[in-house]
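Report on the structure given below.
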């Protein structure tokens, strides 16, 4: 078992759960609900600190550099011109969502609602597709082609990082936030 990849797949499942929340909120807005600014603030926090800093941080610090340096042009294209580009696209959508929320709070308008929904849904769509690629292409490619000793090092580094962040309560904080939003929006946590 590759600890790092299993943990990242679990994190993907949690990110997909948040994507479901995002989609539900966007649908509610399209059906006439007010923009739940404080909930979107929590979502942007989750995206920045759980999905990006915590999850993508492990990929970018531990797994991806090993793939790029050891697995040639295919890995370089897959990671550098694929996954990292999509990480940045997700960051841009989250930043756009934050900016749209700021503008909406200052002066609510239908156009700003569109910016909020557009950025939120853009993030949700990109991450849904991104997760499929990582789970079904990137991670299996790494497991199949990286030498065992390199995977062991990636696993050790990931385990240490997980333990450090667990002591700080990072995972629990964001999973509690996710569960609260799921309950609020009537999303089954199956």
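Scanning the stretch 132-145 turns up no residue that is more than 17 Å from the chain's Cα centre (by Cα), under 17 Å from residue 39 (Cβ atoms) and either surrounded by fewer than 15 Cβ atoms within 10 Å (Cβ to Cβ) or in contact (Cβ under 8 Å) with a residue 40 or more places away in the chain (or both). Hey, any hits in the stretch 150-157 for a residue that's closer than 17 Å to residue 64 by Cβ and exposed (fewer than 13 other Cβ atoms within 10 Å of the Cβ)? Scanning the stretch 150-157, I find no residue that is closer than 17 Å to residue 64 by Cβ and exposed (fewer than 13 other Cβ atoms within 10 Å of the Cβ), so the answer is no.
If we only count helices (runs of 4 or more DSSP H) wholly inside the stretch 107-190, which ones have 3 or more residues that are farther than 20 Å from residue 60 by Cβ and either touching a helix residue (DSSP H, G or I) at 6+ places or on another chain (Cβ under 8 Å) or modelled with pLDDT under 95 (or both)? Reasoning before the result, please.
Numbers: elements: 110-133, 139-145, 148-167, 170-184.
Qualifying helices (runs of 4 or more DSSP H): 110-133, 170-184.
Might you check whether a residue that is in contact (Cβ under 8 Å) with a residue 24 or more places away in the chain, more than 30 Å from residue 183 (Cα to Cα) and surrounded by 15 or more Cβ atoms within 10 Å (Cβ to Cβ) occurs anywhere in the stretch 84-106? For the stretch 84-106, residues in contact (Cβ under 8 Å) with a residue 24 or more places away in the chain, more than 30 Å from residue 183 (Cα to Cα) and surrounded by 15 or more Cβ atoms within 10 Å (Cβ to Cβ): present.
The values are calculated or read from the model by the stated rules, or taken from the named source; none is laboratory data. All of these numbers come straight from a predicted model, not from anything done at the bench. With ideal geometry, Cβ positions are generated from the backbone for all residues, glycine too; neighbour counts draw on all protein chains shown.
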